[in-house]
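Asks: Below is one structure. I have some questions about it.
We did not get these values from a lab; they are worked out from the coordinates using the rules stated. Computed from a prediction, not measured in an experiment: that's the story for all the values here. As a convention, Cβ positions derive from the backbone with ideal geometry for all residues, glycine included, and neighbour counts pool all protein chains shown.
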Amino acid sequence: MTRPLLYDFKRTLRSKSVIVAMLLPILISLAIVPLSLGVTTVSGPPSSQALMYYDSNGYHFLAFSSDQYGLGAAGVNYQFNLTSAQGNYAGTGTTNSSGFAFITVKAPIGQTYNGFVKVTSSSSGLSGQFSTEVSLPNGTVVQPSEGQIVPISVGTPIPFWTVQDQNNATKRDLLVFYAGPFGARPQSYSIYYKVYNESSFQTSNSATDQGNTSIIFRQPPAYFNESEMILLGTLNDYKQIYPVTLPSNDTCSNVVTSNGGSGALEAGFPCPGDLLIYFELFSQNGTLLQTQQFSPDQFFTPPVVVQSVNIASSFFATIMGIFIPLIAIIGAYSSYGKDRVSGVLESVLSRPVTRMGLTTSRFLSTFLALGVAIGISVGAIDGMLKYFGGQFLSAAFLLASTGAFLVELAAFIGLIFLFSHLVRSSGLLIGIAIGLFIIFDFLWGVIVLLVSVAVRLNPGSLAYLKASTIAQFFNPAQYIQLVILYLTNTSQSFGFQVAPSVLGVTVASIVVAGLLWIALPFAAFLYLAIKRD
Amino acid sequence: MIQIQSLTKTYGRNQPPALDSASFEVRDGEIVGFVGLNGAGKTTTIRLAVGVSLPTSGTVVVDGYDIVKDKAKASEKIGWVPEFPNYELNAKVKSLLNYFAGFYGLSGEEADKRIKQLIASVGLTGYENRKLRTYSQGMKKRFSLAASMISDPQNLLFDEILNGLDPEGIHFMRSLMLDLKRRNKAVLLSSHILTEVENIADRVVFVHRGKILQVVTRGELAVFGASGGSLKLVIQNLNEDAVNYLRTLSDEVIVDGNSVVISNFYGDSAQVNAELVRRGFNVRELSFEKSNLEEYFFKIVKEAG
């Protein structure tokens, strides 16, 4: 039976209609995913920073641009302008393949300039202001010494900032960008860090997180001594990336955010009562050069993941939600329904195979072939999210979504196989298939609305929301929506924001519904196939 | 051997059975003709026998295996050529045969060898990589024949396969069936072309309105022919006495010169010849043309009402 199963598998997978139905979501995702990611700027413009020092030849700038992984971004243009009462001076440069640009502005030294930097790349533009003077922690403003490195922030704090870990979608690493005196490559600079509990420090002031929740900020000491800290690594180049291992259970998940939901605070806001991480950069002779503190959530749940999941959720629930039933219907019709109603199947049934063997084999081969097709579609979409957004979907999200698609697939294959035993003509079967597709995919909401009105449920009420969610259990085309509702853990309709469990969407209900949608149409089909001509 | 026992098939509650308690068998090494009017139940019987349709009651046993209970084993021993070949038209002939071969557990190599041999034997060499869609009706029938014999089954059921065939095709099929018979295969041939059935069938099963009317052996057919046919004589010294004698043999005697044709002759031609010689007549020619199967068929159908 292996060869016939393989033949049916290949036949279904090679079917032109299946190939078209499989390619359509890929092509649509090709159009939608980059567009969506472009709007939400998941990949974002290159991060851009610069360091400055001066010598007798003028002011020198070392600029660095990187992508979300901290890899150098070439072709980013920098323009530095220094303005003083005595005149204006400018210098421009473009980052090389390593993401660095070395620019000199031949302005006379010994003056205080107002600086302006403009950064432009093919996808974005940034600008920032700086001064050739340096503000010290004690509040005094001094002219840096000759050759002394002064960081210039162009939207991103330096010398420390976080970048996406290339191998772990849920993690961010620490990028350090710095230079030695006179722009020399750093040698044996040390990066230390310390994880400390903020509540152990004195309360210094308070702030309000966008009006909702009062958060007490506590002030850590200006810096720690090296002996109090842990060595993260040494810096031997202008830029290096360091993975940071943080204590678990500290992602600010228990903090109420400004919109009333629960989740991480905006980047930069430390979690009250939680841990903070303090980073310090020392020169080879132990001089403290730079300090910066981070909250732990800045090393978790990078924004790109949220964006990809949002796009994927929306795409899977809408576009794929339409195409999966379509692929299943077309595939099931071409692999079994058509043969069944036209009588072609009899040429196979006359072979040494039982009815159960033949029908199960056709079901399995169709399911496997279309499952592969869907796997390719989902894989392609995930690949696009990675390509355009720099991030694969999480394994859990991908598995759950693919599982939901497979349930929909099995349900629709079963239904078409079943109906092919209830009708005798191809035309009628096609009509029923189209009818199922339209009802389940397009008219379901209207049907639910009409039934709800008939039983005096107020559309817009919580009861209606519950009823429409429960109705989704009875529609295989909307199974993915239940799964995504569970995965994203929110339901926001008609102004309600309720947990999925309130609507009856739990792991158990999803699993039971999935199993029933797989088993019932198949069992009914099998009964007719075995017991009736 | 195919044993059909009390086979009944009803398609609807309010409809008479398409097949009503049919019983007969097709033994190894014989060709059984299966004749009946359109809608008599021939195709229904064959479809039940090959297992593509389920009987309402009764059994079909193929070489000891029940076609319903031991479907796979029974089907292994049956080849079926339907009246209207209905296959996946977009499939290439060779790959479709390969697909079918998979059901019989033939290895890839065995299947390739067998397919090549079959394609050659039905005259489709050179067309094996074409899609079935491009085949003519005749070619489809040949393909169907090849598909039915892919496992060299012991039993073959041919449903109206002679329909639409040209003389060469009919000759080919006749030779094939006789060859199958020589190889001790059991062959059931359903056909409207009764002369062909008459020519090659060892037994003929008559079916009418779902019922088996009669199963007649070749010998019984010969007897029927002997007792009902046309006797033609040329008598050199034909006279009134001879004619009078001949009129005692049948009501339909036509005399034309020295020639006499006796229709509806139910006697023994040899005895007639002996009697004429005994009476002193010089019989120069004597030929007997027996009643064909068609006549017999209509006779029993008429009797059945």
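Asks: Length gain on complete extension for the stretch B:Ala72 to B:Thr10, per 0.36 nm per residue less the alpha carbon to alpha carbon distance?
Replies: Taking B:Ala72 through B:Thr10 to full extension adds about 19.9 nm, to one decimal.
Asks: Only Cα pairs within less than 10 Å get springs; with that Gaussian network setup on chain B, which residue of B:Asn239, B:Asn86, B:Asn129 has the largest fluctuation?
Replies: Among B:Asn239, B:Asn86, B:Asn129, the largest GNM mean-square fluctuation belongs to B:Asn239.
Asks: In nm, to one decimal, how far is the modelled label at A:Ala396 from the one at B:Ile193, with both set 7 Å along Cα→Cβ?
Replies: Distance between the two pseudo-spin positions: 7.3 nm.
Asks: Add +1 for every Lys or Arg and -1 for every Asp or Glu among the other residues with Cβ under 15 Å from the Cβ of A:Gln284, and state the total.
Replies: Charge balance in the 15 Å sphere: -2.
Asks: Kirkwood Rh over Cα pairs of region B:227-304 into Stokes-Einstein at 10 °C, 1.306 mPa s: D in µm²/s?
Replies: 122 µm²/s
Asks: Given R₀ = 45 Å, FRET efficiency for A:Thr92-A:Phe442 by Cβ-Cβ distance, to 0.05?
Replies: The pair A:Thr92/A:Phe442 has a calculated efficiency of 0.20.
Asks: If you take each beta carbon of peptide A:453-459 and count the beta carbons of other chains within 10 angstrom, what is the mean?
Replies: 0
Asks: Right, next: Can you give me the long-range amide H partners of A:Gln148? Hydrogens built in the peptide plane at 1.01 Å from N, cutoff under 5 Å, separation of 5 or more residues or another chain.
Replies: Correct list: A:Tyr54, A:Phe182.
Asks: Given 10 Å bins starting at zero, what is the percent of C-alpha pairs of region A:393-520 in each, up to the one with the largest pair distance?
Replies: With 10 Å bins starting at 0, P(r) equals 12, 37, 34, 15, 3.
Asks: Could you work out the mean count of beta carbons from other protein chains within 10 Å of each residue's beta carbon in B:103-114?
Replies: Neighbouring Cβ atoms belonging to other protein chains average 2 per residue here.
Asks: Using a cut-off of 20 Å between alpha-carbon atoms, which aspartates and glutamates can reach B:Lys302, once sequence neighbours fewer than 8 places away in the same chain are excluded?
Replies: Cross-link targets: B:Asp20, B:Glu198, B:Glu220, B:Glu294.
Asks: A further question follows. Residues in region B:120-160 near a label at B:Leu89, defined as backbone nitrogen under 12 Å from the 7 Å Cα→Cβ point?
Replies: Those under the cut-off are B:132-137.
Asks: Further question on the same structure: May I ask you to derive the relative contact order of region B:227-304, considering only C-alpha pairs under 8 Å and at least 6 residues apart, and to give it as an integer percent?
Replies: 43 percent
Asks: Can you figure out the FRET efficiency of A:Leu23 with A:Ala523, using R₀ = 22 Å and their beta-carbon distance, to the nearest 0.05?
Replies: Efficiency, from the Cβ-Cβ distance: 0.10.
Asks: Residues with beta-carbon under 15 Å from that of A:Phe388, excluding A:Phe388: net charge, scoring Lys, Arg +1 and Asp, Glu -1?
Replies: -1
Asks: Okay, next question. Compute the label zone of B:Gln137 within region B:154-180: residues whose backbone N is under 18 Å from the point 7 Å along Cα-to-Cβ.
Replies: Within reach of a label on B:Gln137, which here means backbone N under 18 Å from a point 7 Å along Cα→Cβ, region B:154-180 contributes B:159-173.
Asks: If I model a spin label as a point 7 Å beyond the Cα along the Cα-Cβ vector, how far apart are those points for A:Thr83 and B:Asn38 in nm?
Replies: 9.9 nm
Asks: For peptide A:340-350, compute the average count of partner chain beta-carbon atoms within 10 Å of each residue's beta-carbon.
Replies: 6
Asks: Now for a separate question. Rounded to the nearest 0.05, what FRET efficiency do A:Ala508 and A:Lys386 have when you use their Cβ-Cβ distance and R0 = 41 Å?
Replies: The value I calculate is 0.80.
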